[in-house]
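The values are calculated or read from the model by the stated rules, or taken from the named source; none is laboratory data. Quick caveat, the model's predicted, so the values are computed rather than measured. FYI the Cβ positions are ideal-geometry reconstructions off the backbone, even for glycines, and counts take in every protein chain you see.
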Amino acid sequence: MRSCNLQWLLLVWLCALFLFGKETRGTSAIRGVNPSQSSLYENKSGFFHCLNSTQKIPYSSLNDDFCDCDDGTDEPGTAACDQSTFYCENVGYIPKNIPSSHVNDGICDCCDGSDEWLGYVACPNQCTQLAKERIEKRLVEMRTIREGLSKREELKIRSSLKAAQLQNRSKLLKVAIHEAEVLEKKTNKDLEWFEQVLKVSQLQDLASNVTLRNNDSISSLTEAVSNDETNNASCEVQSNCVEEKEASDGCGISCNEKEMLQPELIFERCKDVTKVYTSSRIMLSLEKFFFDILSKFPFLSKITSGRQRKTKTEFLQLCINNLKEQLQSLRSELERNRTELERIQQYFSIDYGPESVFFALRDTCLETDSQGYHYTLCLLSHALQDGINLGKFKQWDSNYTRMIFTDGTPCWNGPARSTIVDLLCGVNETILGVSEPSKCQYHIGMTTCAVCSIDELKRIRDEASVILSNFNQTTKSKSAPERRHDEL
Ligand code: MAN
């Protein structure tokens with residue numbers, strides 16, 4: 001009997017110890033308190049010290065549905081204090097804090113249903129189901145990020161190759177432009193020379209014709225020559241080279257001009273400076289042949305002197321035309337090269353993000369139809385709604401996950417159209433959706449591997465690991481998430 005009493009005493013003492021210990025630890029008894037703050041809710045000589053003020057209230061006033069502390073910390077488990085928070089334990093899933101005003105409001109906020117403890121509404125525990133769904137979702141996201149990361153590596157390589165190609169092209173273009181500019185100057189000078197020679201030659205032709213026709217004196221020749229505009233121009237050209245005058249030379253062909261008119265000299269110079277087309281080439285060889293014969297048989301030259309001068313003029317005209325053609329094609333080549341160089345330089349004036357990963361995506365255009373409009377988004381360039389400009393690329397935002405396009409077509413009675421493009425990690429470049437949150441301000445969501453990051457992968461993996469471990473603590477069953485543990 002005595003030993004029986006002793007056993008009872010021991011049991012009562014143990015129970016008292018357990019209960020007392022629990023009271024002093026003051027943990028699970030206080031509804032809505034985050035375990036990390038449980039020590040603050042200990043019973044200190046029958047009082048509770050409000051957490052953010054010097055107020056002290058009777059311990060029994062905790063969670064009595066009346067707000068005693070100014071900071072609301074005495075009512076973590078009721079809706080009595082506006083500024084207070086309720087801690088959902090959500091065992092098996094993710095614990096969370098909700099505003100205390102949500103407690104017993106008839107809406108299930110905690111997946112374990114703990115916020116609706118008065119039972120106004122039935123909140124079955126959904127934490128396990130949510131954990132499973134969240135883990136599945138996270139696993140899918142992780143797979144996408146992993147695939148995206150490997151695509152991103154490829155994109156980086158493509159970007160640096162494209163950048164190197166363009167750098168190289170821009171170097172070549174600069175050299176080509178410089179050479180073409182030098183050649184343009186030279187060709188211009190050559191052209192001037194030939195035009196000058198042509199004038200002199202025409203002058204000679206005219207003089208010769210007049211002589212042949214009239215067989216007359218110098219005065220009639222000079223008269224005939226001075227009536228001719230071409231001759232006038234020619235006379236001006238040769239005005240500073242007049243040491244030797246001959247009657248038959250009309251207005252006065254100087255020694256230098258005579259030199260100029262040497263068939264061989266003209267031919268050689270023409271051959272040097274022109275790139276004539278096939279037909280012209282044949283013409284040139286014929287001319288050469290003709291000149292050769294003339295030079296070998298001076299008497300022929302005399303007989304055919306009129307013919308020679310005429311041919312020479314024609315020949316000169318051919319050279320001049322050819323030089324003009326060359327100049328024209330040189331100028332259009334210069335124009336083309338300058339435009340291309342400008343475009344390349346403009347390419348390099350934009351920020352292509354970390355490791356220039358976006359370089360290869362520049363001018364990649366994505367299209368989609370939404371709410372009756374056809375949208376075109378050309379990355380880092382511009383956006384269109386049908387034919388309407390929704391903005392040109394202006395700048396990056398949010399650590400290279402947002403592109404901002406501004407200065408589009410003005411909205412009727414409103415601002416210029418602008419577009420925000422948000423980038424999410426994905427394997428391919430795809431538009432997720434287009435909206436117009438406010439008039440003429442558009443939003444496009446899209447995926448690209450360029451924004452996939454290891455940090456994001458780690459963040460998601462850590463979150464999934466926490467959920468999985470919470471989940472595994474509450475269930476012994478070998479359910480789907482646990483089997484996939486090795487993926488985390
Ligand atoms: C067009 C479209 C719309 C826009 C209106 C504004 O219809 O560009 O997106 O809201 O113009 O007038």
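General remarks:
- Filtered residues of region 396-409 (kept if in contact (Cβ under 8 Å) with a residue 24 or more places away in the chain and in a strand (DSSP E or B)): Trp396, Met403
- Pairs meeting the criteria (first residue in region 441-465 and modelled with pLDDT under 95, second residue hydrophobic (A, V, I, L, M, F, W, C) and away from the ligand (no atom under 16 Å from the Cβ), beta carbons under 6 Å, at least 6 apart or on different chains) are Ala464/Ile135; Ala464/Leu488; Ser465/Leu488.
- Taken over region 41-70, the criterion of being assigned to a loop (DSSP other than H, G, I, E, B) and more than 57 Å from the chain's Cα centre (by Cα) is satisfied by Glu42, Asn43, Ser45, Gly46, Thr54, Gln55, Leu62, Asn63, Asp64, Asp65, Phe66, Asp68.
Every residue, every condition in (1) in contact (Cβ under 8 Å) with a residue 40 or more places away in the chain; (2) surrounded by 16 or more Cβ atoms within 10 Å (Cβ to Cβ); (3) farther than 30 Å from Cys449 by Cβ, yes or no:
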position	(1), (2), (3)
Thr144	yes, yes, no
Arg152	yes, yes, no
Leu155	yes, yes, no
Arg158	yes, no, no
Gln165	no, no, no
Val175	no, no, yes
Val182	no, no, yes
Thr187	yes, yes, yes
Asp190	yes, yes, yes
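- Residue in region 170-185 that is among the basic types (Lys, Arg), assigned to a helix (DSSP H, G or I) and farther than 30 Å from Glu340 by Cβ present: no
- Of the residues making up region 374-395, those that are crowded, with 18+ Cβ neighbours inside 10 Å, part of a strand (DSSP E or B) and in contact (Cβ under 8 Å) with a residue 12 or more places away in the chain are Tyr375, Leu377, Cys378, His382, Ala383, Gln385, Leu390, Gly391, Phe393.
- Residue among Gln441, Gln371 that alone is buried (at least 16 other Cβ atoms within 10 Å of the Cβ) and within 16 Å of the ligand (Cβ to nearest atom): Gln441
- Of the residues screened, Asp109 is not one that is touching a residue at least 12 places away in the same chain (Cβ under 8 Å), within 20 Å of Ala80 (Cβ to Cβ) and assigned to a helix (DSSP H, G or I).
- Selected residue [of a type in the set (Val, Ile, Thr), away from the ligand (no atom under 11 Å from the Cβ), more than 30 Å from Gln346 (Cα to Cα) and surrounded by fewer than 13 Cβ atoms within 10 Å (Cβ to Cβ)] from Ile454, Ile460, Ile467: Ile454
- Within region 86-111, being under 15 Å from Arg31 (Cα atoms) and surrounded by fewer than 20 Cβ atoms within 10 Å (Cβ to Cβ) holds for Glu89, Val91, Pro95, Lys96, Asn97, Ile98, Pro99, Ser101, His102, Asn104.
- Residue ID - nearest to the ligand (Cβ to nearest atom), chosen from residues in region 382-426 that are among the small types (Gly, Ala, Ser) and modelled with pLDDT under 95: Gly414
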